[in-house]
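Data first, discussion second: the structure below is written as structure tokens.
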Amino acid sequence: MTDFTLWDIVRNLLLAGRWTVVLSLIAFTGGAVVGLVLTLARMGGLWPVRWLIRLYVDLFQGTPLLMQLFLAYFGAAVLGFDVSAWTAASVALTLFTSAFLCDIWRGCVEAVPSGQWQAARVLGLNYLQSMRHVILPQALRLAVPPTVGFSVQVIKGTALASVIGFVELTKAGTMLNNAAFAPFTIFALVALGYFILCYPLSRYARHLEKKLYGAGIR
Amino acid sequence: MTLDFSTLLPYTDAILEGLVTTVWLTVVTTVAGIALAIVVAYARDGSREGPSGIVSRLLGAYVEVIRNTPFIVQLFFLFFGLPALGVSISATVAALLAMILNLGAYTAEILRAGIDSTLKGQHEAARALGLSRLQSFRHVVLMPAFSRVYPSLISQCIIVMLGSAVVSQISVFDLTYAANFIQSRNFRGFEVYLVVTLIYLLLAVGLRLAFEFVGRRLFAFRQGGSS
């Protein structure tokens, strides 16, 4: 059996950590795009559209992310697609992220006082114009802190991709542990890796939130 | 492709066993996690008055570490890491411990927000009336703080219940483990995961209803007040 030095462990974790970062970026970017479309459709759409989007959000918020990953991975196989762990993890995490962001952003749009809507419409702006020039700029300010905060959940969520065989930080940790058997050190280092990624974002989200409240806008 | 849910019927027992485990893990975690959070919130709140800066720092570190690392890593750290230090624990105990520590940290932070938003004058008035810090916390600060953050608390408990699916990875026979077990026998992954996902959804709805029922009793004193 080869001996693992601490550096071997750290180096391998860092290499795998790249994929945690890449998967997080894919999920967050994809989730933001889908989430934005859903938010806009939900705000302006007809009731069946609103109802469907609400169902979508509730389904993703009310079921385990692990199950969503399993369904994406095994479900696609049943439907005849041969998907890699990469694809399954990207798709599942993107949909998961979009559902949560849609819910967060809807809250932000609704938090803009209804007087603003009425004023915009009275001034002759149509729905899209009111949205674009009056509501969204205000909602955006409210949306930034919780969105940054949610990115932490996305990063942590990517850890579950390890379960379907995607080699990222957590999977690398379990693989290294099987070879080197130093669970305490290895999982502490894995946790440290996530902490280094997440803590600055958490702090930043809190800072933004304080600034927003400080500005007297709620 | 054809879906065939009848292939699940011989495995009803496994699903039931998993369901029971998931439910009791969730119930124990909810009670113990909230209790832990109250203690943490009290200790952190108190350190602002007293000289116990170290305690406050340590508790703050505990909360931040849990909140900024994935649950699955916390679980692996406890289950694989502790035995390496000579503390051997069963998978179920590791799962329970990880869940309680997780919920405790999040709830402590939620509670702190509730406590911070309690009017400072209330606390000062209680102290001026001769209540001890513990009495003031227990009778004046805690319940209003709880009722204010109760919706967040419900969401957090549901998140922990859904997150408990991960304990299947250390071979705790929960609902997800049952799904994996069945999938490995009848190779009907999609049907199994679909059914089990729906069961989780029902559990989430049930948990929310249960919390709302308890909340109506617990916070009856606030009815008609602002929330």
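Once the Cβ-Cβ distance of A:Ala77 and A:Leu25 is raised to the sixth power relative to R0 = 25 Å, the FRET efficiency obtained is 0.45.
Normalised by residue number, the volume inside the convex hull of the Cα atoms of the range B:1-136 is 187 Å³ per residue. Take the alpha carbon gyration tensor of chain A, find the square roots of its eigenvalues, order them as a ≥ b ≥ c, and report rounded if a/c is under 1.5; if not, report prolate when a/b exceeds b/c, else oblate. Because a/c hits 1.5 or more and a/b fails to exceed b/c, chain A counts as oblate.
Rank the residues A:Trp7, A:Trp19 as a footprinting-exposure proxy: fewest other Cβ atoms within 10 Å of their Cβ go first. Fewest-to-most ranking of A:Trp7, A:Trp19: A:Trp7, A:Trp19. Taking label points 7 Å from Cα along the Cα-to-Cβ direction, B:Lys120 and B:Ser90 give a separation of 5.0 nm. Among the trypsin sites (Lys or Arg not before Pro) in the range B:10-88, those placed in a DSSP loop whose Cβ has at most 16 other Cβ atoms within 10 Å are B:Arg48. Projected label points at A:Ala188 and B:Ser152, each 7 Å from Cα along the beta carbon direction, are separated by 3.2 nanometres.
With a simple spin-label model that places each label point 7 Å from the Cα along the Cα-to-Cβ direction, the separation between A:Leu140 and A:Ala41 comes to 2.3 nm. Each pair of Cα atoms in the protein assembly as shown enters the Kirkwood radius, and Stokes-Einstein at 4 °C and 1.567 mPa s then converts it into a translational diffusion coefficient of 55 µm²/s.
Take the Cβ-Cβ distance between A:Val49 and A:Asp3 as r, set R0 to 56 Å, and report the resulting FRET efficiency rounded to the nearest 0.05. So, using R0 = 56 Å, E works out to roughly 0.40.
Restricting the range B:129-202 to trypsin sites (Lys or Arg not before Pro) that sit in a DSSP loop and have at most 15 other Cβ atoms within 10 Å of their own Cβ leaves nothing.
Does chain B classify as rounded, prolate or oblate by the C-alpha gyration tensor (a ≥ b ≥ c root eigenvalues; a/c under 1.5 gives rounded; else a/b over b/c gives prolate, otherwise oblate)? Verdict is oblate for chain B. As a proxy for reagent exposure, B:Lys120, A:Lys156 were ordered by neighbouring Cβ count within 10 angstrom, fewest first; the result is B:Lys120, A:Lys156.
Taking 18 Å as the straight-line reach from the Cα of A:Lys171, the lysines in range (excluding those fewer than 8 positions away in the same chain) are A:Lys156.
Each reported figure results from applying straightforward, stated rules to the coordinates on display, with no laboratory input. Only a predicted model underlies this, so the values are computations on that prediction, with no experimental measurement involved. Don't worry about glycine lacking a Cβ; one is built from the backbone with ideal geometry, like all the others, and counts go over all protein chains shown.
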